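Worksheet: one structure, shown below.
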Amino acid sequence: MNCKNELLKDYFAEDTTRTYSVSLFFDEKSTAELSNFILQVAQITKNDYVVKNNIPPHITIGMFKATKNQEGQLVEIIKKINSDFQPIFEKKENVLCFEKLGTLKNKIAFLSFATNQSIVFSLNQKLHNFLMPDFPSACNNMYLPQVFFPHCTIATGLSKTQLALLQDAQNKNLIKIPKSVQVAKISLAIRHPYQEVF
């Protein structure tokens, strides 16, 4: 058996620990607006990683470790949280407002939200209350409630030159940041390779 097949065999083993992401996805209108914005940023920066890999616009609210055997339990918890928050998602006046376009680690461009976006913080807190300690936090604990920074990634793997192009376009008002989005659902996915579970 070659190395790749061995890795796949290990990955699909029932007791192999995987990283699961829990994210907020938007309604169709919001997704279309954000996708157009992401495409515009990709054209300006010549960095099409997000577009090429079909990464949908989203807000990650948690990352957790679990085995394949625990996946069913994880799905049931996410379904419960999704159900609890569905009436809030359906309220059209309950939208998330973007504050600005920012950068992280000099290689990621993101949209940050206005500080009064309590629904995102409530979901993050509730998610961690439900899942920990049974499902340990992943991704360097950067989604824990005490350090959580909600954002929507627009581009990743940017070089300094690409970041400068984006900054220049923003300074010249060549790009228009979407004003707001409507959350439609909570999703659970295996992180690598990406595979939506719920």
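The residues on offer are M132, M142, and the sole one that is of a type outside the set (V, I, T), closer than 19 Å to L104 by Cβ and modelled with pLDDT under 90 is M142.
Apart from one condition, L144 fits all of (1) of a type in the set (A, V, I, L, M); (2) assigned to a helix (DSSP H, G or I); (3) within 21 Å of K80 (Cβ to Cβ); the exception is (2). Counting only strands (runs of 3 or more DSSP E) that fall entirely inside region 56-117 and contain at least 2 residues that are over 16 Å from the mean Cα position of the chain (by Cα), the qualifying elements are 58-67, 96-104.
Quick one: which of K68, K105, K100, K91 is surrounded by 12 or more Cβ atoms within 10 Å (Cβ to Cβ) and among the charged types (D, E, K, R)?
Result: K68 is the single residue among K68, K105, K100, K91 that is surrounded by 12 or more Cβ atoms within 10 Å (Cβ to Cβ) and among the charged types (D, E, K, R).
One residue stands out in region 19-48 among those that are in contact with a strand residue (DSSP E or B) (Cβ under 7 Å, 6 or more places away or on another chain) and in a loop (DSSP other than H, G, I, E, B): the one that is farthest from T156 (Cα to Cα), namely D27.
For V120, the test of being closer than 13 Å to V22 by Cα and in contact with a Pro (Cβ under 9 Å, 6 or more places away or on another chain) is passed.
The values are calculated or read from the model by the stated rules, or taken from the named source; none is laboratory data. Keep in mind that what you see is a predicted model, and the values were worked out from it rather than measured. Cβ coordinates were reconstructed from backbone atoms using ideal geometry, including for glycine residues, and neighbour counts include every protein chain displayed.
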